[in-house]
1. Search region 31-42 for residues that are outside any strand (DSSP E or B) and pair each with any residue that is among the charged types (D, E, K, R) and surrounded by 15 or more Cβ atoms within 10 Å (Cβ to Cβ) when their beta-carbon atoms are under 9 Å apart and the residues are at least 6 apart or on different chains.
2. For region 91-119, how many residues are under 21 Å from Q79 (Cα atoms) and either of a type in the set (S, T, N, Q) or touching a residue at least 24 places away in the same chain (Cβ under 8 Å) (or both)?
3. Would you pick out the residues in region 11-30 that are in a helix (DSSP H, G or I) and of a type in the set (V, I, T)?
4. So how many residues does region 91-138 have that are part of a loop (DSSP other than H, G, I, E, B) and surrounded by 10 or more Cβ atoms within 10 Å (Cβ to Cβ)?
5. Yes or no: region 50-57 includes at least one residue that is at pLDDT 90 or above, assigned to a loop (DSSP other than H, G, I, E, B) and exposed (fewer than 10 other Cβ atoms within 10 Å of the Cβ).
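The values are calculated or read from the model by the stated rules, or taken from the named source; none is laboratory data. Just so you know, these numbers come straight off a predicted model, no measurement behind them. FYI the Cβ positions are ideal-geometry reconstructions off the backbone, even for glycines, and counts take in every protein chain you see.
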Amino acid sequence: MIRALYTAASGMNAQQANIDNIAHNLANVGTTGFKLSRAQFGDIFATSPLQNASGAIGSGTILKKVQQQFTQGNISASQNSLDMAISGQGFFALKPSLTSTQTVYTRNGSFSVNNNRYVVDSQGQYLQVFPVNSDGSV
């Protein structure tokens, strides 16, 4: 009886995690650069303190991971000449500050120029680019 209750409770917990993930997807679907995520589940195998996990499934379920889906989204035009889009694979590389050694990545291509004439995203992170020579070559 207790095992049946545990199995049912684990299923309800997993379904709640799935609903949370779906709610996150719906809340952010209109966000520039948004990528869908998908909950992935697995079986809980029967175990006892003195044995290894058996092959007997049906002891419950567990959320294994939430995986980002990196498929190509829609590209739409904007009125901002600094907005960019990536068709296919890739990310924009950004640095949180000019002196930071950390690099962060995004597919959100909404950029602007800050007061110091650097190209930044909406959080003020600096877009990283290859240096351009005086003749215009990279």
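1. These pairs meet every condition: T32/D83; T32/R107; G33/R107; F34/R107; K35/R107.
2. Applying the first criterion (under 21 Å from Q79 (Cα atoms)) to region 91-119 yields 92, 106-115, 117-119.
From what is left, the residues that are either of a type in the set (S, T, N, Q) or touching a residue at least 24 places away in the same chain (Cβ under 8 Å) (or both) are 92, 106-115, 119.
Residues meeting the conditions: 12.
3. The answer is I19, I22.
4. To start, the set of residues in region 91-138 that are part of a loop (DSSP other than H, G, I, E, B) comprises 91, 96-103, 107-111, 114-118, 121-125, 128-138.
If we keep only those that are surrounded by 10 or more Cβ atoms within 10 Å (Cβ to Cβ) as well, we get 91, 96-97, 100, 103, 107-111, 114, 118, 121-125, 128-129.
Count: 19.
5. Going through region 50-57, the residues at pLDDT 90 or above turn out to be none.
No - not one qualifying residue is present in region 50-57.
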